[in-house]
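The values are calculated or read from the model by the stated rules, or taken from the named source; none is laboratory data. Please read all numbers here as calculations on a predicted model, not as lab measurements. Quick reminder, even Gly has a Cβ in these numbers, built from the backbone with ideal geometry, and neighbours come from all protein chains shown. Quick note on the areas: whole protein, heavy atoms, side chains included, nothing else; ligands and nucleic acids left out. Shrake-Rupley method; radii C 1.70, N 1.55, O 1.52, S 1.80 Å.
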Amino acid sequence: MRFIFIALFFAINVNAQILKKVFKYSTLYTAYTQTNSIQPPKTFYVTQSSDLIETTRRNPADEIRTIGFRKLAFFGYEDKERFYDGSEQNNSINSNIGNVKGLEYLFEYQKGIQQGREFENKQYFIRYLAKWWIAKGEVNQNQLIDLNYKSADVRLRLPISKKLSISLGGVYRTYDKAYGHNPIQKYLENNNWWYLSYEYGHYDIPYNWELSDGQTGFEYFWYDQNDNLISYSDLDYRNSIYSRLVNRYNREQLALIGGFADVSAVVGLDFYHYRKSFWMHIYGNVLPKHKLVEGDKRYAYGTFVGNDDWIDYSLGGSFGLRITKTFGLFAELTNQRWWDRELKTIKVGVNIRL
């Protein structure tokens, strides 16, 4: 019995030490931000009795709700003192190295509205950095740019020096959309545009018109499946109703295709130099070769581009120079292209302290 208690005490103590190491220096955060959205110019409608009615469509305020849990080591040039709200772009996620070895992670969920459009973003990231190898898992859903994938990344790491390292390995990525494929484009190659309207229950009725100067012609009234008049001409119908049908058709057809999985070769490079007066951090990943391992090959991205040798990449860098105690320059860049989706940020500036 005494042996059992000793073993139990030892197991609890070991687990407590492991948990302490995993969660040490981690941060739980929540945030809510709201800003005015861009509003369109005012529009008006005049009735038959000359009453003026404003018809401006107002966008609701932009807002973001964020909740997250993170353990990411700041690089020397990053602000360690400010409160974390989830809007920051921590370079540990994008680069292949952290400022410390060991375990780092980020679990973040965002929901909000931008220019009247609701969105939901998720980013789950976990990485273990050792001297000779790197292992990373990631889930990324960004509805603002329509990017959604999961990945597992394992590499050998070759430290060339204290500042420079190269990594080589493979990435397994799953994604639920046929990137590059545009169903409506294929549909219109074989059908007249109005056939799609008929498939959704809309129909047209021709009518003749005549102007006071004697000009004549014809147009079409458009009705929905409930016999409601929705447009007075083909042009008005295509500019308003038809564009929504196109988007609906694309969503439905892409959902029928299903998901995909690729295995890709990856090469990474990281250079990090930091001094208070000058710092440079450059990182990049290139995925030059891919193999489809799951999904319908007819709609795979490799079929769309014509081969399995397309280039996916993620690049970035931070640069800072303090010329005097009061004057300095800085620049930041991130650019990620996965399939036909691209996410880019650029920031350059001058700081003058008075």
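Quick one: would you say P183 is open to solvent by 20 Å² or more (accessible area, probe 1.4 Å) and not charged (D, E, K, R)?
In short, no.
Among the residues of region 160-193, count how many are over 26 Å from V263 (Cβ atoms), of a type outside the set (V, I, T) and in contact (Cβ under 8 Å) with a residue 24 or more places away in the chain. Please lay out each step first, then the result.
Quick first cut of region 160-193, residues over 26 Å from V263 (Cβ atoms) only: 160-164, 183-193.
Next, from what is left, pick out any that are of a type outside the set (V, I, T): 161-164, 183, 185-193.
Subset that is in contact (Cβ under 8 Å) with a residue 24 or more places away in the chain: 163-164, 183, 187, 193.
Of the residues in that region, 5 qualify.
Residues in region 291-303: is at least one within 23 Å of the chain's Cα centre (by Cα) and among the acidic types (D, E)?
yes
Using beta carbons and a limit of 9 Å, which pairs, at least six apart or on different chains, have the first residue in region 32-46 and modelled with pLDDT under 75 and the second one not in a loop (DSSP other than H, G, I, E, B)?
Taking only residues 6 or more apart or on different chains, the pairs are F44/L52; F44/I53; F44/E54; Y45/L52; Y45/I53; Y45/E54; V46/L52; V46/I53.
Please work out which residue is farthest from L292 (Cα to Cα), limiting yourself to region 186-216 and to residues that are open to solvent by 80 Å² or more (accessible area, probe 1.4 Å) and of a type in the set (F, W, Y).
By that ranking, first place goes to W209.
Cβ contacts < 6 Å: first residue closer than 29 Å to L144 by Cβ and open to solvent by 90 Å² or more (accessible area, probe 1.4 Å), restricted to region 343-354; second residue in a strand (DSSP E or B) and of a type in the set (G, A, S), any location; separation 6+ or different chain. Result?
V348/A331
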